[in-house]
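What follows is a set of notes on a single structure, which appears directly below.
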Amino acid sequence: MANNNTMLLASAVVVWEWLNEHGRWRPYSPAVSHQIEAAIRSSDSRGGSVVLGQVDSRLSPYIIDLQSMHQFRQDTGTIRPVRRCFYDPASAPGQGWQWEWENDAGTWTPYDMEVAIAIESAHSRQQPCLDLTPLGFCYLIDFQNMTQVNRQSQRCRRIQRRADMPYPLVSGPLPVPKGATGLGQPCSCQQCMLVLSTSALGISLSSNRPPPPSLPPPQPPSSNPTPNLPSVPPKHSSSSTNEPVPTATLITPASGVTTPPSPVPSPSPVVMKPQRAPSSAATMCHAPLPQRSSLAGLSRPALQRIAMAQSRALIASGVPTVPVKNLNGSSPVHPALAGITGILMSAAALPVCLTRPPKLVLHPPPVSKSDIKPVPGFSHCCRKTTKKQVRKGKTPEEVVKKYLQKVKSPPEEDCTICMEPLGGPSGYKGPGVGPVSRAESVGRLAQCGHQYHFQCLVAMYNNGNKDGSLQCPTCKTIYGVKTGNQPAGKMEYHVIPHSLPGHPDCKTIRIIYNIPPGIQGPEHPNPGKPFTARGFPRHCYLPDSEKGRKVLRLLLVAWDRRLIFSVGTSSTTGESDTVIWNEVHHKTEFGSNLTGHGFPDPGHLDNVLEELRAQGITEDDVLVEK
């Protein structure tokens, strides 16, 4: 029976987080974190997968693979790293307090967890305000008015403090070896990692809090005496923003080596049992921790490196790996293959290990203003658009008749718009379409020859941009000049002295799109309602070759016709009333192609030309609009 001198009771609050496209770790809700922790407790030592839609229907496309520590989106194949963070039980996530700010859509967005903890701490001390600059955000929190003020733009947003369920609490006894003095190498068992990952303020239980139920103590990894464990960084996670995103590889167990433990830290030694035979080399941590007094002066990156060094001690060494094939190609199907492979191997009880793919390179090296040059053959380097100019003088009926030929004897087939026979009346019964004579009830589009009810074509035109153009719903042939509903903004373009992968013989054309948020006009889905503009300015890249400059000329035509962007619902985030891409693909990844939006991609320029042609933009339009 262990006494108080040999056991240390530790507790920590667990928050699961995912890495967004801006490199920030965003917390899952308390309910989702509870679900993931329950999955860890119920799975075997190799981990498993968690279907997030079981708790939150909005997350139904997402699966978390606990073995590779990645979130996988089933419908798009997008993979994002996830991590498991530990915080002081007395902090905001442990007490069930959520701090949120009001976004442009009028809904509430939670702060990053570190920011929320700092805000709650200042609020509990009854401070009048809190400056978030030390955390890397240029905001001032005003607790009296419950607002967030941007210190540069002075823009003010409302904030709120909302009660929610606390995040899951994990705890357990830790064996403290006896009979050693001085600094040594701490144990690398799962329970030690839990304590090493806990905030120094949350190592011991609060006196006014009833202690959580104790867990069975783990077996000591070695009989060799080691000194008392020192304190560690305030927070630890099983992933790091400084580490490249890993992909899955299959482990082929060597003779005499069994399955290594999962890299996911577990709240209970009952869940994560050691899989290797104990030995002094395998059970000791590879990186000693500094003493408690020296931790206070360490920077956050240094603390993260210490935590990562301790985490790596959990991964078994000396096990040969066989990598999954074709994970580093240019197609976006490859990340999806990696995620699916990792999940399937984990489900089949096959161990998964991690290797490191090429690093994501979104932007080029820094470029001075003197190195930025105009694109050869272009007289300007900037193009602006304004609000849509309403074309007057023609009714929808007049526009449609301009592109139609009369049909005396309609064929015995259905109108593909209303699915009613062409020989009968139109199936459209809505407003905006007046009666027509029988002789004009059916028309044939002059160029492609497809036939429709006249009233159906007028109704289709009324539901579009009403810009004087018409597009055949069957073959997509465009009549007139098609325009879109892209909001007002600015498009800049110039040459930078760096080469794209796959184009070593030429420099790079950089395009910068910038669209501010605003109010939707009559051509948008919800006129009069605000729209958001996320991720601007957006940087895109083309090779400074003859074909690259040809694509740029056509993109300028598409920009003038308001066809590059649109206002709608984002397929990535699900946010409505926001600026989205409009079916003309751009490359936003400069030095790699891990996301499928970078180089090398030999067919990209030809694909863009084809997409622009589908929008009614060809080389003839460049000559006309010069």
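Some points to look at:
- Using the alpha carbons alone, the radius of gyration of segment 449-576 stands to its Kirkwood radius in an Rg to Rh ratio of 1.05.
- Taking amide H positions as modeled 1.01 Å from N, with prolines and chain starts lacking one, the residues under 5 Å from Lys587 and 5 or more places away or on another chain are Tyr541.
- Measuring against 26 Å, Cα to Cα, the residue pairs Lys401/Lys466; Lys394/Lys550; Lys402/Lys550; Lys466/Lys547; Lys547/Lys587; Lys384/Lys587 contain Lys394/Lys550; Lys402/Lys550; Lys466/Lys547 as the ones spanning a longer distance.
- Scattering profile of segment 1-152 at q = 0.09, 0.11, 0.15 Å⁻¹ [log10 I(q)/I(0), Debye over alpha-carbon scatterers]: -0.38, -0.55, -0.91
- Applying 1/(1 + (r/R0)^6) with R0 = 30 Å to the Cβ-Cβ distance of Thr569 and Lys429 gives a FRET efficiency near 0.60.
- Length released on extending from Glu583 to Asp56, taking residue separation times 0.36 nm less the Cα-Cα span: 186.7 nm
- Between Asp164 and Cys138, the simple spin-label model (points 7 angstrom out along Cα→Cβ) gives 2.8 nm.
- One compactness figure for segment 481-531 is 1.74, namely its Cα radius of gyration divided by 2.2 N^0.38 Å.
- By the compact-protein rule of thumb, 2.2 N^0.38 Å, the alpha-carbon radius of gyration of segment 522-626 corresponds to a ratio of 1.16.
The numbers here are math on the coordinates, done by the rules we state, and not lab data. Not measured: the values here are computed from a predicted model. Please note: Cβ atoms are built from the backbone with ideal geometry, for glycine as well, and neighbour counts cover all protein chains shown.
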